[in-house]
Amino acid sequence: MTTTVTDASLVFGSLRSAIDKLDLEILNLVSKRAEIARDVGLAKRMAQRPVFDGERERKHRRALVAAGKKLGLPGHTVRALYDAIAREGVAQQLALSHAPSKPVQTPKDSDDFRLTRLEPGRKLTVVTVGEAHIGAGHFEVIAGPCSVESEAQIEAAADFCRGLGVRIMRGGCFKPRTSPHNFQGHGLKALGWFARAAHRRGMVIVTEVLEPGDAGAIAEQADMLQIGARNMQNAPLLRACAKTGRPVLLKRGPGATLKELLCAAEYLLVEGNSQVVLCERGIKTFETATRSTLDLSAVPSLREFTHLPIIVDPSHAAGRDEIVHALCRGAHGVGADGVIVEAHPNRQTALSDKRQALTPSQLGAIMDELQGVERL
Ligand code: PEP
Ligand code: MN
């Protein structure tokens with residue numbers, strides 16, 4: 001009796017695990033199908049063709065119902081299954097189909113974007129920095145002080161950043177200040193403090209490069225190089241940073257169009273470095289309530305056009321700490337792959353961008369809500 005019960009549970013167990021395996025295979029197939037549907041959507045968009053082809057859909061559905069009958073599956077089951085699966089495919093295409101009624105690019109223009117452009121068959125780029133993967137579907141919060149001011153300051157910043165779950169720390173060692181009379185950064189000495197403080201705690205670092213000649217030395221200690229807004233179109237700097245092979249964070253110039261940003265990214269990709277993250281950080285407008293105007297529409301607009309990951313810098317756009325959290329939510333809401341924010345262990349003493357520095361507890365609230373959550 002006991003043997004029979006045990007046998008029965010063994011049979012159930014193995015049947016159930018066979019079913020579980022099949023369910024997973026079905027999910028994998030649905031996901032593969034959606035990927036192909038997305039490519040079809042892109043091809044349709046480039047050819048200026050509508051997403052829906054009702055006649056083709058109906059014919060295909062009828063053929064599937066007939067095939068299902070031969071397998072002993074009732075028509076209503078096949079129709080329900082097909083509708084659910086097809087909906088997923090259409091959803092993938094619709095995400096790409098809010099295209100303007102006329103071509104996005106002229107043929108000449110589109111040639112300028114040959115490396116950054118999203119194309120059928122081209123995979124979305126995932127940029128790997130340490131244990132973080134930017135563009136892989138999860139929201140990454142990069143944080144740290146505007147400037148590396150002293151060994152004690154960066155140690156304290158690394159302490160609270162790591163404690164809050166930051167994986168990529170930011171910090172400027174060479175500072176591109178608006179006025180030459182302001183703090184310009186402690187250079188390579190600060191980079192040594194920064195790399196030690198972050199790496200000892202298992203974090204990686206991103207820091208700005210100002211001079212092409214410094215790129216190599218900075219790349220020896222920094223895990224990711226930043227090209228600042230003021231230097232977005234500095235071709236020798238773009239080339240030098242790309243050649244180091246380090247991932248590059250490319251910020252949009254405050255007066256640059258998205259096309260110009262993508263052209264700047266082409267300079268990096270053409271050197272063979274495709275580990276590039278684009279960053280919207282606010283543009284110049286007539287508005288004075290903020291330091292710059294955060295152009296959140298840049299995110300979905302770029303998303304339509306490029307395979308590169310896109311993050312947002314709400315700190316430099318806002319210029320004040322109070323609205324940074326709300327703008328981080330906005331960045332997530334429009335589908336960004338993450339944000340980069342400024343935070344300081346003791347903001348009253350900050351040597352640069354004091355007004356926009358988050359306190360550790362303000363950063364903690366952002367981390368709690370957004371770090372690692374699914375990207376929209
Ligand atoms: C920075 O991130 O430190 C910085 C100077 O930003 P931006 O280049 O966007 O002004
Ligand atoms: Mn700053």
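The values are calculated or read from the model by the stated rules, or taken from the named source; none is laboratory data. Not measured: the values here are computed from a predicted model. Note that we place each Cβ from the backbone using ideal geometry, even for glycine, and neighbour counts take in every protein chain shown. Areas reflect the complete protein model, heavy atoms only, side chains present, ligands, DNA and RNA absent. Shrake-Rupley method; radii C 1.70, N 1.55, O 1.52, S 1.80 Å.
Rolling a 1.4 Å probe across the protein heavy atoms gives the chain an accessible surface of 49 Å² per residue.
Which of the aspartates and glutamates could a cross-linker span from Lys251 if the Cα-Cα distance has to be under 16 Å and same-chain partners fewer than 8 positions apart are dropped? Candidates past the 8-residue exclusion: Glu208, Glu211, Glu260, Glu266, Glu280, Asp295, Asp313, Asp337, Glu342. The figure for Thr207 is an accessible area of roughly 0 square angstrom, using a 1.4 Å probe on the protein chains alone.
So for Ile36, Ile154, what's the accessible-area order with a 1.4 Å probe, most first? Each step should come with its number before you reach the end.
Details: Ile36 110, Ile154 0 Å².
Solvent-accessible surface, decreasing: Ile36, Ile154.
Rg/Rh for the stretch 304-376: what does it come to with C-alpha atoms and Rh from Kirkwood? Reported Rg/Rh, Kirkwood definition of Rh: 1.01. What does the C-alpha gyration tensor say about the overall shape of the stretch 111-370? Classify as rounded when a/c is under 1.5, otherwise prolate if a/b is larger than b/c, or oblate. Rounded shape, in that the Cα axes give a/c under 1.5. Of the cross-linked pairs Lys123/Lys175; Lys32/Lys59; Lys284/Lys354; Lys189/Lys259; Lys189/Lys354, those separated by over 25 Å at the C-alpha level are Lys123/Lys175; Lys189/Lys259. Using heavy atoms of the protein chains and a probe of 1.4 Å, the accessible area assigned to Lys69 is about 130 Å².
Ignoring ligands, DNA and RNA, what percent of the 1.4 Å accessible area of the stretch 111-370 is carbon and sulfur? Each step should come with its number before you reach the end.
Numbers: 4990 of 9620 Å².
Carbon and sulfur together cover 52 percent of it.
Calculate the length of the line joining the C-alpha centroid of the stretch 179-228 to that of the stretch 331-349, in whole Å. The two parts, judged by their Cα centres, are 18 Å apart.
Rounding to the nearest 20 debye, state how big the charge dipole of the stretch 111-370 is about its Cα centre with +1 on each Lys and Arg Cβ and -1 on each Asp and Glu Cβ.
Numbers: 29 positive and 29 negative charges, 44 e Å.
Using Cβ point charges on Lys, Arg, Asp and Glu, the stretch 111-370 gives about 220 debye.
Summing Lys and Arg as +1 and Asp and Glu as -1 over all other residues whose Cβ lies under 15 Å from the Cβ of Lys189 gives a net charge of -3.
Per-residue SASA remark: Arg375, around 70 Å² accessible (1.4 Å probe; ligands, DNA and RNA not included).
Amide H to amide H, with H built 1.01 Å from N, Val129 comes under 5 Å of Ile134, counting only residues 5 or more places away or on other chains.
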